[in-house]
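The values are calculated or read from the model by the stated rules, or taken from the named source; none is laboratory data. Small disclaimer: the values here were computed from a predicted structure and weren't measured. Note that we place each Cβ from the backbone using ideal geometry, even for glycine, and neighbour counts take in every protein chain shown.
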Amino acid sequence: MNRPARIVLAGVSKHYATLAGTVRAVDGISLAIEPGSSVAITGPSGCGKSTLLGLVAGLETPGAGSVTVGGEEISRLPEKARAGLRRREIGLIFQADNLQPFLTALENVGLALALRGGRADGYGRCLAVLGELGLGDEAGKLPDQLSGGQRQRVAVARALVNDPAVILADEPTGSLDAGNSATIVDLLRGAQHVTGATLVVVTHDPDVARRLDRIVSLLDGRVVGDSAPSEPRECGRVRA
Amino acid sequence: MRSYVWRDLARNPRRTLASLSGVTLGVALFASVLFFVDGSGATMTRRAIAPLALDMQRVLDAPLGGGLALDQRLAPAGVLQRGRPATIALTVRNPGTAPAHEVVVNDEPPAPLEYDHGTTRVDGRLVRDPAAQSPLAQGLARTGLNIGTVAPGSAVRLTYRARATVRIADARRLPLDGTISSRENVVPVKAGAPPATTAPALRERIARIPAVAAADTLSFADLPAGSLRTAGGVVRNPVRVFAFDRRYAAHYPSIKVVAGGWRPGAAMLSAEAARTLGAGPGDTVLLHLPSVRRPLALRLGGVTDLARSKPLFYSRKTSRLEDFVYVPDSVVVSPELFRRAVVPAFRAASARPGSQLKSLPVTEVDVLVRRGRLRSDPGRALAQTRAVARAIAAVAPGQDELIDNISNTLGVARADAAVGRRMFVFLGLPAVLLAAFLTAYTGSILAIAGRREQAILRIRGAHRGHLRRMLAHRTLALAGAGSLAGAALGLLSAVAVLGPDALRAAGAGRLLASAALAVGLGMLVTGVALYVPGARALRREISDERKELAVAPGGRAAPRVVRDIAVLAVAAVVGVLALRAARFEPAGGSVSEGRAVAAMPSQLLLAPLMLWFAGALVASRTVRGIAARLPLPAPPRFGPPLSGTLRRSLRRRARSLGTGIAGVALVVAFGTALALFSDTYDGAKAADAAFVVGSDLRVTPSVLVARPVPPAYAARLEVAGVGAMTPVVSKLDNAVLIGPYDQDRATLTAIEPAGFERVAALSDGFFGGGSAAAAMAALRADPRALLVNAETADGLSIEPGMRVKVLLARGTKRQRLESFRVAGLFHRLPGFPQGTSLVANLGFVAAATKSRGVDFFLGTASGGGDGALGRAVSALRSGPGRDTPLHIDTTATALDKDQSSLTALNINGLVDIDTVYTLLMSAAVIAIFVFGLMLERRREYVILRAQGMRSGELRALVLGEAAVVAVAGVAAGLAVGVGVAALLVRILRPLFVLDPTLTIPGGEIVLRAALAGAATLASALAAAALLRRLKPAELLREV
């Protein structure tokens, strides 16, 4: 099991040049997320939530500022080292399940384990995780033979199988119904409690946000709110 | 909608270029083949007639003159009632100055008249009917009545009566077919024929025809040995006396004056005769003519070298018009002297009762057509020369024979051009199919990639009709632009290979037609190929994607394999049937007879086409089947991430893999087949040339060499650049072979077996069951060993091991009868394309006949290629050739003289075009496959990246799939290509003299594989670079 990681963003900016002009997706955000805590990143579409998550995951590099995950400044690492960090420390979940269509549920999970360096009983661990998520009987099926909720649970299993220090989820319930959404959030919270991982969830859903320790609200690439769930602040309201 | 399509095409340049590349490359290859055909056809006439020595010959039927005329009349004219008699009168006139001997008059009453028995009279005297038949049509052969000699200036009148068996409305209309012949003029002349014209008059009238460049009279007659002599010497060989003037010599430059010159009234002597007689310019020689006691004294104006003069020595026998029958001892006199002295002598000899002349004099008008005016296309040129021939035949019609060599040659060239066109269509047709395949392949990939966009359009309200119209617009734009670009690229390619002049010669109309065909066919085929997968994708639902994952191998693939195997089986059956029907056996061709050299069964070209297409598909499906059964790492492990992912992807997505492999296999198979065919074609041409020459070089001492050149001279010819030389003695019909039951004239070739084996282009196939080495060893071991041509042996019932007798040096003072042992049989001998009957040991033959001279030497050049050949020729000319005039033939000159315009075609140019395009297309297939992967799987790759897979590993993943496609495609393509080439070579067998053996160019194959590998690597690297530029955060967010 990995040691829970602290996430620190210091003056992070990410701008894109488009035909319509420069888009400031993330504009000088400074933010610290304590190890083992859970944070919801909320805000309207285009406010920079997913970009922020991409920066934390090392999928993108900031134009300015620094991103530190577990003491390592991921924003300065070369691509190879960032990939290594993702293998070891980070579990990623997306709105779309993003499973490999040619791999069975078990293999999708097994690949994540293999990428980390694998274990001799790799499939045993994978089957255990899938079993914990209620997919023990579906392990041998291809993604298109599973329902949307099942696919997303496989995606969660894939993210958790490595015991990551950080779990990053981008709208994990965005395409699920209320029941499945609740199940996924339960799974994530449960996994976080068990592993002590730091959990960052990008979400539109106030119900999902409320179940996490902290809610950070973004607008136009900036942090406009940072609070505990008991005192939620809607992006719209802040803007108004 | 159009603007949407336009924007879509403009803003997705990679997709647009991928779609265009297949269309453009395929159509460019097809168009370049069409333009190549146009350009090559434009030079075919020139190439075809270049080796032709004589364009047309008007040979006089009555070389001895005679001028007998027959007049025939029927009385009464008008109505003839049934049973009424009519009188037929035939009047024979001899307007000449010499009597006509043994004049035969032949006639039968025209139907419905019937001969009235006992009514035939000659000059009023009744002639008895033989066996109750008309004396003018006796026996089964209906032979005529011999009326004896008709004196000069006299006439003989014959009459007979015939009765009408039915009422005849107009007796004047009855056809009268009486003929007359004589000992002097054995060719029957019809009644009413115009008086025989003379050669000078004929020449003058033919020369006036506008398309005729030159018309010259040529006469010759053969005289027996001893006919030519001086006071101190005699020519002991047969002599030919020619009659032509200096104008004729100017028109045919192969007639060379080596001493003195053309002087009025003076004769020219051949170099061989001059050497034998020791005569030269200013001397007098005596020519003995038949039936003339006193020889003709000829003052010599000069000495000529006629050894290479085809117009003089090509056989005039209709069955052997292409044979060069050289008579070394000859004398040239003026046409006037020939008419005045030689013709009357022969006429007198032929008139002598009981005389039998071996041959009569020949008189002809040799015609050269204005070749510059001939159209470049052999078919059109043929129409022109036939018109010239008609014009020439119309001059004094019905009297003599016209040999139209140029039309016959052009007829062959036209047939060759047609064969060539069919062959080129075969080479071009796969290009269209490849274009269709590439386009369909790209179309299917783009259709998958465009599914999301279509879904968005549907959400926004577009219905299927809209989407179909958009697809139609896109198809039209891509197929149109690609086909136009392809036609332009094809034109540039043809210009690069043939040069602009060749295409200019083809004419704008023809080029435009080819361009229109390329664009039209290209648009049609590629349009269908683009539209169909797109329309199919429109009909498909997303859930159909599941079918793309071939979890269970087999499924729908099985019927397709059966279908492909069925096509292969059809190709095999066609091949076997053709083989059994001997369709691959070469058909003998004759330019003089206008029979095409290459009677190629071009419909058989469908067999390699089927083998190509079905073979590539079966190979790809086999690889696909193997991939679908790839072993996976055994549980409980996923295995190494890279290989585990790659193997699972290959196993479960074998379908897209199979399509990529099929594409590469098709292109590589086509390119390989062409490369192999081209090398085999070149090899076969070179082998043919070596067979015709005998080796790399053939050195013939000029007739001007004063003394016989001994066999030992070979050592002097072995100068730097020349490998080895060996002497050969051979002359037409120089021996008589006497078997146990029969005998026949034969051409004996004497060789030094050891040297000949080292130098000559021998092949075991020439010696039936035995080997070349064994045959040469037999000759070496036993001086009296003899190799006999299999056909000759068959004709005389001779078998190996028998003892036979051979009359050596036949017809010379050295002739001698020797016994030999038949050591073996042979079918062919290098250096003797027209064949030779016997092969014997030179040492023994020379000793037996006490002959010291050889006819020619065969030699090899040190090193290969035209450069080595050129160096050897230069060394020979500057070395021994300086003292001894030598004629040097090489394999290169033999190729230049090739009579078949088809085998003379620059097929290499076409193959170069094909090679470049197949390489480009194989690179395009791999690139399309890789970028198809990118379009289809970029999300998968980004997920893997997000999961921590490094760029290098991702690159390896892309490269791995592309490499499997490239390696499997190239391997399958090579295997299929070799098969197709083997079949193609069998089909084109009739083009060659010798049996071509399939040549496998290792270098080219390695190059092709290396280029496919390089294309794979480049595509994978480019794909990896594209992967790095993708925005993962955006892609992963997409639902």
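Within segment A:23-74, the set of residues being among the polar types (S, T, N, Q) and closer than 22 Å to A:Leu115 by Cβ comprises just one member, A:Thr61. Any idea which residue in segment B:134-178 is farthest from B:Ala348 (Cα to Cα), counting only those that are assigned to a loop (DSSP other than H, G, I, E, B) and of a type in the set (Val, Ile, Thr)? Per the stated criteria, the residue is B:Val166. In the set B:Gly973, B:Gly1013, only one residue is among the small types (Gly, Ala, Ser), under 22 Å from B:Leu642 (Cα atoms) and either away from chain A (no Cβ under 14 Å) or touching an Asp or Glu at 6+ places or on another chain (Cβ under 6 Å) (or both); that residue is B:Gly1013. Close Cβ contacts (under 9 Å, 6 or more residues apart or on different chains) running from residues in segment B:132-159 that are on the phi > 0 side of the Ramachandran plot and small (Gly, Ala, Ser) to residues that are surrounded by 13 or more Cβ atoms within 10 Å (Cβ to Cβ) and outside any strand (DSSP E or B) comprise B:Gly139/B:Gln133; B:Gly153/B:Asn94; B:Gly153/B:Pro95; B:Gly153/B:Gly96. Within segment B:450-468, the presence of a residue that is under 36 Å from the mean Cα position of the chain (by Cα), assigned to a helix (DSSP H, G or I) and over 30 Å from B:Asp366 (Cα atoms) is excluded.
The residues of segment B:268-280 that are closer than 17 Å to B:Arg240 by Cβ and outside any strand (DSSP E or B), listed by number, are B:Ala271, B:Glu272, B:Ala273, B:Ala274, B:Arg275, B:Thr276, B:Leu277, B:Ala279. Return yes or no: is A:Gly43 touching a residue at least 24 places away in the same chain (Cβ under 8 Å), within 10 Å of chain B (Cβ to nearest Cβ) and within 21 Å of A:Lys14 (Cα to Cα)? Considered against the rule, which asks whether it is touching a residue at least 24 places away in the same chain (Cβ under 8 Å), within 10 Å of chain B (Cβ to nearest Cβ) and within 21 Å of A:Lys14 (Cα to Cα), A:Gly43 comes out as no.
Within segment B:761-790, the residues that satisfy the criterion of being free of Cβ contacts under 8 Å to residues at least 40 places away in the same chain and in a helix (DSSP H, G or I) are B:Asp764, B:Ala772, B:Ala773, B:Met776, B:Ala777, B:Ala781, B:Ala790. Residues of segment A:74-85 that are more than 9 Å from chain B (Cβ to nearest Cβ) and in contact with a Lys or Arg (Cβ under 7 Å, 6 or more places away or on another chain): A:Ile74 alone.
Screening segment B:1-117 for strands (runs of 3 or more DSSP E) wholly inside it with 3 or more residues that are under 30 Å from B:Thr385 (Cβ atoms) returns the ranges B:56-59. Checked against (1) modelled with pLDDT of 90 or more; (2) in contact with a helix residue (DSSP H, G or I) (Cβ under 8 Å, 6 or more places away or on another chain); (3) more than 13 Å from chain B (Cβ to nearest Cβ), A:Pro62 passes all but a single condition, namely (3).
Of the numbered criteria (1) facing another protein chain (nearest Cβ under 10 Å); (2) at pLDDT below 90, the one A:Gly71 fails is (1). Is it true that B:Gly265 is modelled with pLDDT under 90 and in a loop (DSSP other than H, G, I, E, B)? For B:Gly265, the condition - modelled with pLDDT under 90 and in a loop (DSSP other than H, G, I, E, B) - is met.
Among the helices (runs of 4 or more DSSP H) confined wholly to segment A:114-223, which include 2 or more residues that are under 25 Å from A:Leu31 (Cβ atoms) and either within 14 Å of another protein chain (Cβ to nearest Cβ) or not β-branched (Val, Ile, Thr) (or both)? If you could, list the steps in order and put the result at the bottom.
Numbers: elements: A:122-132, A:148-160, A:178-195, A:206-210.
Once the helices (runs of 4 or more DSSP H) in segment A:114-223 are filtered for at least 2 residues that are under 25 Å from A:Leu31 (Cβ atoms) and either within 14 Å of another protein chain (Cβ to nearest Cβ) or not β-branched (Val, Ile, Thr) (or both), what remains is A:148-160, A:178-195, A:206-210.
The single condition among (1) charged (D, E, K, R); (2) more than 9 Å from every other protein chain (Cβ to nearest Cβ); (3) without any contact (Cβ under 8 Å) to a residue 24 or more places away in the chain that A:Glu34 does not meet is (3).
Which members of segment B:219-235 meet the condition of being crowded, with 16+ Cβ neighbours inside 10 Å, out of contact with any Leu (no Cβ under 6 Å at 6 or more places or on another chain) and part of a loop (DSSP other than H, G, I, E, B)? Result: B:Ser227, single match.
If you check B:Ser797 against the conditions, is it among the polar types (S, T, N, Q) and touching a Pro at 6+ places or on another chain (Cβ under 8 Å)? Yes: the conditions hold for B:Ser797.
Please determine whether any residue of segment B:643-666 is part of a loop (DSSP other than H, G, I, E, B), farther than 30 Å from B:Ala273 by Cα, of a type in the set (D, E, K, R) and touching a residue at least 12 places away in the same chain (Cβ under 8 Å).
Going residue by residue through segment B:643-666, those that are part of a loop (DSSP other than H, G, I, E, B) are B:653.
Now narrow it down to the ones that are farther than 30 Å from B:Ala273 by Cα: B:653.
From the residues that got through so far, the ones that are of a type in the set (D, E, K, R) too are B:653.
Retained after the next criterion (residues that are touching a residue at least 12 places away in the same chain (Cβ under 8 Å)): B:653.
Yes, segment B:643-666 contains at least one residue that is part of a loop (DSSP other than H, G, I, E, B), farther than 30 Å from B:Ala273 by Cα, of a type in the set (D, E, K, R) and touching a residue at least 12 places away in the same chain (Cβ under 8 Å).
Scanning segment A:109-133 for residues that are modelled with pLDDT of 85 or more, surrounded by fewer than 22 Cβ atoms within 10 Å (Cβ to Cβ) and among the small types (Gly, Ala, Ser) yields a count of 2.
Of the numbered criteria (1) farther than 21 Å from B:Leu704 by Cα; (2) more than 27 Å from the chain's Cα centre (by Cα); (3) at pLDDT below 90; (4) buried (at least 21 other Cβ atoms within 10 Å of the Cβ), the one B:Gly863 fails is (4). For segment A:86-107, the tally of residues that are within 7 Å of chain B (Cβ to nearest Cβ), assigned to a loop (DSSP other than H, G, I, E, B) and within 24 Å of A:Thr203 (Cα to Cα) stands at 5.
Going through segment B:859-870 one residue at a time, which ones are assigned to a loop (DSSP other than H, G, I, E, B) and either free of Cβ contacts under 8 Å to residues at least 40 places away in the same chain or out of contact with any Gly (no Cβ under 7 Å at 6 or more places or on another chain) (or both)?
Let us first name the residues in segment B:859-870 that are assigned to a loop (DSSP other than H, G, I, E, B), namely B:862-864.
Matches in segment B:859-870: B:Gly863, B:Gly864.
Please list, ordered by first then second residue, the pairs with beta carbon atoms under 8 Å, 6 or more apart or interchain, first in segment B:236-261 and surrounded by fewer than 19 Cβ atoms within 10 Å (Cβ to Cβ), second among the aromatic types (Phe, Trp, Tyr) and not in a strand (DSSP E or B). Here the result reads B:Asp245/B:Trp262; B:Arg246/B:Trp262, each pair linking segment B:236-261 to a residue that is among the aromatic types (Phe, Trp, Tyr) and not in a strand (DSSP E or B).
Yes/no per residue for (1) touching a Cys at 6+ places or on another chain (Cβ under 7 Å); (2) closer than 17 Å to B:Val965 by Cα; (3) within 14 Å of chain A (Cβ to nearest Cβ):
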| site | (1), (2), (3) |
| --- | --- |
| B:Arg629 | no, yes, no |
| B:Gly639 | no, no, yes |
| B:Leu646 | no, yes, yes |
| B:Leu650 | no, yes, yes |
| B:Ala654 | no, yes, yes |
| B:Ile661 | no, yes, no |
| B:Ala665 | no, yes, no |
| B:Ser678 | no, no, no |
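Scanning segment B:190-211 for residues that are surrounded by fewer than 19 Cβ atoms within 10 Å (Cβ to Cβ), outside any helix (DSSP H, G or I) and not basic (Lys, Arg) turns up B:Gly192, B:Ala193, B:Pro194, B:Pro195, B:Thr197, B:Thr198, B:Ile209, B:Pro210, B:Ala211.
For segment B:871-978, list the helices (runs of 4 or more DSSP H) that sit wholly inside it and hold at least 1 residues that are modelled with pLDDT under 80; which are they? Walk me through how you get there before you give the answer.
Numbers: elements: B:880-883, B:891-896, B:907-946.
Because the criterion is at least 1 residues that are modelled with pLDDT under 80, the helices (runs of 4 or more DSSP H) in segment B:871-978 that meet it are B:891-896, B:907-946.
Kindly check whether there is at least one residue in segment A:178-197 that is within 22 Å of A:Gly48 (Cβ to Cβ) and touching a Gly at 6+ places or on another chain (Cβ under 9 Å). The answer is no, given that none of the residues of segment A:178-197 is within 22 Å of A:Gly48 (Cβ to Cβ) and touching a Gly at 6+ places or on another chain (Cβ under 9 Å).
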